[in-house]
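Here, each number is a calculation from the coordinates, and none is a lab measurement. Since this is a predicted model, take the numbers as computed values, not measurements. Every residue, glycine among them, receives a Cβ derived from its backbone with ideal geometry; neighbour counts consider all protein chains shown.
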Amino acid sequence: MSESAEPGRWDGPWYRVHTEQFEAAFLPNAGEDLGAVDNIDVFVDLPDGSRWSATILTLAQVEILMNRWATSGEALGGRYFWCPDGLIVRDAGISNMTRVLTGLIENGEFARILHRLDE
C-alpha cells in the first residue's frame, strides 16, 4: 500500500486513525492514494465502548455512480442514490473524512448519522 502523510497507521488492510474522540478503521483498496479516497467503509470506536459504521462517499463519487447507473439501468436509470449508513462529504481523502467525523461528534450529530453496530 502507498505511503502517505495521513495521521494514522496501517493494521493489515485497515488504515487506523486515532483521535481524542474516537478510533476509526478505514478499509481502502490496495494501493489506493489515501489523499484521494472518495468511497470507503469505516468503523468507528468511541471511548464509551460503542461501535459505529458508515460508508463515506464524496459528492463527486455519487455523481459518477449515478451517471454509470444511468447507462446500466440500476437505481431507476441513475435517478436516485441510496446506500445503508451512507455519509456524503464534499472533499476526498481520509484526513478530510476524519475531520468530518470529528465535527459530527463535536456538533452532536454523530449518533444520528452513523449506524450503531453494538445495539
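Given the options TRP69, TRP82, TRP14, state which has the largest fluctuation in a GNM of the chain using a 10 Å cut-off (strictly under) for Cα springs.
Looking only at TRP69, TRP82, TRP14, the largest GNM fluctuation is found for TRP82.
Expressed as a rounded percentage, what relative contact order does the chain have, with Cα pairs under 8 Å and six or more residues apart?
23 percent
Given springs between every Cα pair under 10 Å in a Gaussian network model of the chain, which of ILE40, ILE105, ILE56 has the largest fluctuation?
ILE105
With runs of 4+ DSSP H residues as the only contributors, calculate the mean residue ellipticity of the chain at 222 nm using -39,500 (n - 2.57) per run, divided by the residue total and rounded to the nearest 500.
Taking each H run of at least 4 residues, the total per residue is -8500 deg cm²/dmol.
With a point put 7 Å past each Cα toward its Cβ, work out how far ARG16 is from ALA60 in nm, to one decimal.
So the label points at ARG16 and ALA60 sit 3.1 nm apart.
Tell me, what is the FRET efficiency for GLU119 and LEU27 to the nearest 0.05, using R0 = 22 angstrom and their Cβ-Cβ distance as r?
Working: r = 22 Å, r/R0 = 0.99.
Working from the Cβ atoms, E equals 0.50.
Roughly speaking, what is the stretch gain from PHE81 to ASN67, that is 0.36 nm per residue apart minus the C-alpha to C-alpha distance, in nm to one decimal? Write down the numbers at each step before the final one.
Numbers: separation 14, 0.36 × 14 = 5.04 nm, distance 1.06 nm.
Roughly 4.0 nm would be gained on extension.
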